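Report on the structure given below.
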Amino acid sequence: MLRAAWDEPLPYLLAVATSANIGSVATITGNPQNMLIGSFSGLTYRYFIWRLGPVALIGLLLDWLIIRKCLATIMCLKKRRHQSCCSARFSPRVTQACIVIVSCWPALLRAFHLP
């Protein structure tokens with residue numbers, strides 16, 4: 001189905017793999033290294049996410065930009081269209097997703113008080 005729609009599944013597979021790895025940095029339970037750091041240091045969940053959440057968000061943004069650029073390049077090389085096909089455009093869905101993520105992040109930090 002994906003091949004029929006976009007003809008190139010590689011950018012999507014890379015996005016899933018890299019974003020899962022980058023996003024795991026943000027929480028104590030994200031990966032085993034963070035669990036060790038959290039359990040031995042006694043850091044709270046909120047403190048950990050407050051300190052490393054911005055790092056994960058910046059990493060996810062960079063990941064998205066790199067993969068988007070690669071996808072645009074791949075599509076331009078395959079289609080051999082005019083130069084305007086290489087310009088990245090924001091779709092309304094991406095804009096809505098960014099608004100939801102940015103608006104939920106402060107609520108998450110404010111609402112939960114996990115040990």
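The values are calculated or read from the model by the stated rules, or taken from the named source; none is laboratory data. These numbers come from a predicted model, not from an experiment. Positions of Cβ are generated from backbone atoms using ideal geometry, with glycine treated the same way; all protein chains shown enter the neighbour counts.
Residues that are in a helix (DSSP H, G or I), exposed (fewer than 15 other Cβ atoms within 10 Å of the Cβ) and either of a type in the set (Ser, Thr, Tyr) or more than 17 Å from the chain's Cα centre (by Cα) (or both) within the stretch 9-36 comprise 12, 32, 33, 35, 36, listed in sequence order.
Filtering 52, 71, 65 for residues that are under 26 Å from residue 9 (Cα atoms), modelled with pLDDT of 85 or more and out of contact with any strand residue (DSSP E or B) (no Cβ under 6 Å at 6 or more places or on another chain) leaves a single hit, 65. When 52, 60, 71 are checked against the criterion of being touching a Gly at 6+ places or on another chain (Cβ under 8 Å), in a helix (DSSP H, G or I) and surrounded by 14 or more Cβ atoms within 10 Å (Cβ to Cβ), 60 stands alone in meeting it. Of all residues in the stretch 49-74, those that are in contact (Cβ under 8 Å) with a residue 60 or more places away in the chain have Cβ atoms under 6 Å from Cβ atoms of residues that are buried (at least 16 other Cβ atoms within 10 Å of the Cβ) and part of a helix (DSSP H, G or I), 6 or more apart or on another chain, in 49/26; 71/11.
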